[in-house]
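Enquirer: I'd like to ask you about the structure that follows.
The values are calculated or read from the model by the stated rules, or taken from the named source; none is laboratory data. Please read these numbers as outputs of a predicted model, since none were measured by experiment. Every residue, glycine as well, gets a Cβ built from its backbone with ideal geometry; the counts of neighbours run over all protein chains shown.
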Amino acid sequence: MIYEPLIFGIVSFFFFLCLFIIFNRIIKYQSEILFLMLSFICGPTICFFGLFFLTDIFNGLLFFITFIEMYYVLSLIFIISYPAFKIDIPSFKILYLLNDNKEDGLKESDIINIISSNDMLLNRIYELENDSMIFRKNKNLYLKPRGKFLVSILYFYKRKLMKLPFGEG
């Protein structure tokens, strides 16, 4: 059946997602990106190739390739989306604040004061430092090679593929 490798890839993704959630609650890691890569790329790759060479579970090379492609598509979508869902997006923060104050509502100035007093940006800077994207030198922040690489990918994606001008997207 043609759907078997696709279903196998989806089930495998959810298996490793469950492992990621369990280990995410147990292990306190320094680098979020490294933990994501180990959980969804490196560890599963070793498992898949081990199963491929040691068993006949995959019913041939085409099955294996189709399954691997499905798994990695889902994993890369998750890896790219994970940081965005983890942070407090300002729009969501406003909606949560308004939901918490249903009866009285909030003035626009109150919302601005609450959000600007939030440590949202400081937390992101701290996470970027832990992920070795940026570093401090004489109280200034600079990009590390890993950060430069990510910026070049984002630049290519936003400007070349999506044709967005600077500051949009």
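Enquirer: Could you say whether any residue in the stretch 152-166 is under 27 Å from PHE16 (Cβ atoms), assigned to a helix (DSSP H, G or I) and either at pLDDT 80 or above or among the aromatic types (Phe, Trp, Tyr) (or both)?
Expert: Within the stretch 152-166 (the criterion being under 27 Å from PHE16 (Cβ atoms), assigned to a helix (DSSP H, G or I) and either at pLDDT 80 or above or among the aromatic types (Phe, Trp, Tyr) (or both)), the answer is yes, since at least one residue qualifies.
Enquirer: Quick one: which residue in PHE23, PHE15 is more than 17 Å from TYR71 (Cα to Cα) and in a helix (DSSP H, G or I)?
Expert: PHE23
Enquirer: Under the condition of being of a type in the set (S, T, N, Q) and either over 27 Å from the mean Cα position of the chain (by Cα) or outside any helix (DSSP H, G or I) (or both), which residue from the stretch 51-76 is surrounded by the fewest Cβ atoms within 10 Å (Cβ to Cβ)?
Expert: Per the criteria, the residue is THR55.
Enquirer: Additional query: For ASN130, only one of the following conditions fails: (1) touching a residue at least 60 places away in the same chain (Cβ under 8 Å); (2) under 14 Å from the mean Cα position of the chain (by Cα); (3) more than 30 Å from ILE2 (Cβ to Cβ). What is its number?
Expert: (2)
Enquirer: Something else about it: Hey, can you tell me all the residues within the stretch 87-103 that are loosely packed, with under 10 Cβ neighbours inside 10 Å and modelled with pLDDT under 80?
Expert: SER91, LYS102, GLU103
Enquirer: Shifting gears a bit: Anything in the stretch 26-47 that is touching a residue at least 24 places away in the same chain (Cβ under 8 Å) and in a helix (DSSP H, G or I)? List them, or say none.
Expert: Scanning the stretch 26-47 gives GLU32, ILE33, LEU34, LEU36, MET37, PHE40, ILE41, GLY43, PRO44.
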